[in-house]
Each structure stands twice: as structure tokens, then as C-alpha cells.
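Everything on this sheet refers to the single structure shown next.
Just so it is clear, none of the values below were taken in a lab; they were calculated from the coordinates. Just so it is clear, the model here is predicted, and its values are computed rather than measured. Counting neighbours? That spans all protein chains shown, and the Cβs are built from the backbone with ideal geometry, glycine included.
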Amino acid sequence: MKPLLQHLVEITGHRDHARLEISVISALHQLGEVKEIRALEVVSIGEETHVRPKAWIQDGKLHSIEESEHADLPRLPLAAYPALGECIQKHLSNLETQGEAGETELWLPVWLHEKVVACLELRNDKPLSQDMLNVIHGIFHVYRNYQSLLDYSERDALTGLFNRKTFDAEFARPGATGASGALTPADAPQHWLAVVDIDHFKQVNDRFGHLYGDEVLILMANLLRSSFRAQDRIFRFGGEEFVILLRSATLETARQIFNRFRASVESHAFPQVGRVTVSLGFVSTQRGTAVEILGHADQALYYAKEHGRNQVCHYDELVNSGELATQTVVAEDVELF
């Protein structure tokens with residue numbers, strides 16, 4: 001009983017999803033009867049549902065998509081996970097199946113607002129005992145309920161993206177931005193912060209109404225999710241403004257990724273509204289406070305909006321070319337919230 005209680009204390013002691021998932025699969029694996037475990041991310045992008053492992057234990061070793069070697073693990077269509085698809089179709093709380101090699105598989109989907117947002121997949125060489133199943137379901141229920149609490153506090157209610165509060169916490173974590181005080185060569189990987197604004201969004205609300213405006217925001221969130229990696233972070237600050245923390249990329253790679261996202265928005269057909277574009281300003285996070293970094297990205301964004309919109313602007317390049325004057329940024333200068 002004592003180890004189980006310790007696991008429950010550890011699970012509920014975390015304040016972000018990545019650590020929570022690692023904690024719960026570690027707890028389940030240490031029970032001794034589960035050979036392999038995966039925590040799966042379930043994301044709806046448009047009309048399609050995609051699935052990707054976020055953390056897993058295989059051959060006794062813990063892996064996470066937060067690790068650089070797994071950062072580009074692709075999302076697969078739901079069809080690649082037929083048992084999970086059955087859970088969703090039949091609105092099941094759990095499903096036990098037999099794998100191709102005869103092993104037992106237990107699927108535990110996490111339902112939130114009538115949608116599956118995650119799933120635990122457990123595999124074992126032989127069927128699990130009823131006592132073990134009871135313990136597993138108990139731990140899963142704690143995990144599911146705590147994940148719902150985290151979603152409520154961390155995420156924007158409309159888009160499901162991380163909120164401003166989570167951004168502040170993320171930036172406060174040691175090593176979150178890669179800042180070291182020393183300059184990094186432009187061709188070396190570093191972290192980047194981008195501020196995104198939907199062009200002429202007020203006109204969308206005025207012309208089509210707030211319901212269609214909300215749909216644009218939801219579709220924009222889906223495009224953001226599909227355009228960036230699991231190790232990156234995407235936040236909604238409110239209104240039509242979003243912030244992206246892009247990790248471990250060179251300047252040219254960052255520019256390509258941001259422009260690819262901008263082009264995907266421009267080519268996307270938004271129902272009723274039609275064509276929508278975005279402007280984006282970005283800056284390296286290697287030096288400066290959170291307010292300064294955010295303020296510099298904001299300045300690059302507003303340069304983009306004042307010079308034609310539907311473009312990506314890099315703060316340092318604007319400063320070096322004389323297009324933008326260096327400014328000391330204080331909290332009151334940042335107009336995102």
C-alpha cells in the first residue's frame with residue numbers, strides 16, 4: 001500500500017502534462033505486471049483525428065517525446081490505432097484486446113468535453129489479474145481527474161492551447177528558453193519566440209459575427225498544432241494573438257518553419273470567411289528577460305503589420321538594417337494582453 005500511495009503523491013505533485021504522463025506510466029510499470037506502457041496524445045486537426053505517443057516505457061526504459069531524438073515523431077491517423085478508434089466510436093471508458101503476438105492490450109482513453117484527448121495503452125504477455133486491473137483503473141482515474149484539472153488551469157477554453165499563465169510558468173523554468181547570456185552563432189540551434197496576429201480579425205467579427213470569428217480561432221489553433229513539433233509550445237494570449245516558443249532551430253530553419261505556417265494559413269479555406277492571413281514577428285530567446293524578449297517579438301510583429309501584413313519579420317534583422325530602432329522594453333510596452 002505504501003508504494004502505491006507514494007505513486008499517487010508523485011502523480012498529483014506535478015503541474016504540467018509532460019511530467020504527469022511520465023509519472024503515471026512509471027507508476028503503472030513499477031506495479032510489476034505491465035511490460036510496456038504508452039501515453040498517447042490524441043489531437044483533432046480539422047475533420048481528422050491524429051495520434052502520437054508522448055511518453056512510453058519499452059524494454060524497461062522510459063522515453064519521452066520531449067527528448068530531442070524523439071521530437072519529430074509523426075502523428076498518425078486514428079486508423080493506425082483501431083482499438084482506440086473503437087473506444088471513440090463506441091464511447092468506451094476502457095477496452096481489452098489481444099495483440100498480433102497474443103499479448104494482452106488494455107486501452108484507457110481520457111475523455112474531456114465528449115472528446116478523447118489522450119489514452120494510456122498497456123501491454124503484457126499474459127492477462128492481468130483482476131486485482132491488478134482494479135489498481136490500474138484506480139491510478140488511471142486519479143491521472144484522468146488530475147489531467148482535467150491541469151487542462152482547466154493551463155489551457156485556453158476556446159482553442160485548447162496553453163494560456164498566458166502557462167507561458168509565464170514555462171518561461172520561468174530553468175533552461176526553458178536556452179538563454180545563457182552569451183551570443184550564439186546564427187547557424188547554431190537556439191530557441192525562438194514568435195508573436196502571431198491574425199490580420200484584420202476585427203473585420204471578420206464585424207462582418208460575419210463572433211461565432212465565425214471563434215471558428216477562425218479554433219481552426220487557427222489546429223493549423224498551429226499541425227505546423228509545430230511536440231517539443232515546441234503554442235500559447236493563446238487572448239483575442240487573435242498567439243505566441244510560439246520554437247526550440248532548437250537555426251535562424252534559417254526557424255524562418256522556414258514560421259513562413260511555412262504563414263503559407264499554410266494563407267492557403268487554408270476558412271468556412272464562410274474565405275481567405276485569412278497572419279503576420280508574425282520573432283526573436284531569439286538567448287538574451288533578455290521574458291518581457292524584453294516578448295516585447296522585441298511584438299515590435300517585429302507590428303513592423304510586419306505596418307508594412308503589408310501576411311509576412312514574417314525577424315527582430316534582429318530589422319534592427320541591423322536600420323528598419324527598426326532598438327528600444328528598451330518594459331512591461332507596460334507589451335500590448336498583447
Euclidean distance of C-alpha centroids, the stretch 108-176 and the stretch 186-228, integer Å
26 Å
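Percent relative contact order of the chain, based on C-alpha pairs within less than 8 angstrom and at least six residues apart? The partial results should precede the final answer.
On the way: 563 pairs, mean separation 45.9, N = 337.
Here the relative contact order equals 14 percent.
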Based on the alpha carbons, how large is the Rg to Rh ratio for the chain when Rh follows Kirkwood?
1.01
The answer for D199, listing residues at least 5 apart or on another chain whose modeled amide H is closer than 5 Å to its amide H, is T277, V278, S279
Would you grab the residues whose amide H sits under 5 Å from the one on Q190? Only those 5+ places off in sequence or on another chain, please, with H modelled 1.01 Å from N.
S248, A249, T250
Highest mean packing first, using Cβ neighbours within 10 angstrom, the peptides 229-241, 250-262, 206-218 sort as 229-241, 250-262, 206-218
To the nearest 10 degrees, the tilt of helix 290-306 (Cα long axis) against the first principal axis of the alpha carbons of the chain is 60 degrees
³J(HN,Hα), Karplus 6.51/-1.76/1.60, whole Hz, each residue of the stretch 199-215, x for Gly, Pro:
5, 6, 5, 4, 5, 4, 5, 5, 7, 10, x, 6, 5, 6, x, 5, 5
Amide H neighbours of I65 under 5 Å, counting only residues 5+ apart in sequence or on other chains, H built in-plane at 1.01 Å?
A55
To the nearest 0.05, what FRET efficiency results for D187 and A325 with a Förster distance of 25 Å applied to their C-beta separation?
0.40
Would you mind checking the pairs K54/K90; K202/K305; K61/K165 and listing those with alpha carbons more than 22 angstrom apart?
K54/K90; K61/K165
Along the Cα→Cβ direction, 7 angstrom out, place labels at K126 and T253. What is the inter-label distance in nm?
4.7 nm
Projected onto their principal axes, the Cα atoms of the stretch 238-318 stretch, largest extent first, over whole-Å spans of 43, 24, 23
Nearest 20 debye, what's the magnitude of the dipole of the chain about its Cα centre given +1 on Lys and Arg Cβ and -1 on Asp and Glu Cβ?
240 debye
Students often forget the sequence filter, so: which aspartates and glutamates lie under 17 Å Cα-Cα from K126 once same-chain residues fewer than 8 apart are removed?
E33, E36, D59, E96, E100, E103, E105
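Full-extension gain between Q203 and H113, please, as 0.36 nm times their residue separation minus the C-alpha to C-alpha distance. Before the final figure, lay out the partial values.
Numbers: separation 90, 0.36 × 90 = 32.40 nm, distance 3.04 nm.
That works out to 29.4 nm of additional length.
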Ordered by residue, what ³J(HN,Hα) values in Hz, to whole numbers, does the stretch 111-126 give under the Karplus form 6.51 cos²θ - 1.76 cosθ + 1.60, where θ = phi - 60° and Gly and Pro are x?
8, 9, 6, 6, 10, 8, 10, 6, 7, 9, 10, 10, 10, 8, 5, 9
Principal axes of the stretch 40-88: Cα extent on each, largest first, Å:
32, 20, 12
Per-pair calculated FRET efficiency, R0 = 45 Å: E67 and R309 via Cβ, rounded to 0.05:
0.75
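Which order do peptides 266-273, 314-321 fall in by mean Cβ count within 10 Å, highest first? Walk me through the numbers on the way to the answer.
Details: 266-273: 12.4, 314-321: 16.6.
Ranked from most to least packed, the peptides come out as 314-321, 266-273.
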Find out how many positive minus negative residues lie around A39, taking Lys and Arg as positive, Asp and Glu as negative, among other residues whose Cβ is under 11 Å from that of A39.
0
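Please work out the FRET efficiency for the pair N134 and L76, using the Cβ-Cβ distance as r and a Förster radius of 45 Å; give the result to the nearest 0.05. Mind showing how you got there, number by number?
On the way: r = 32 Å, r/R0 = 0.70.
Calculated value: 0.90.
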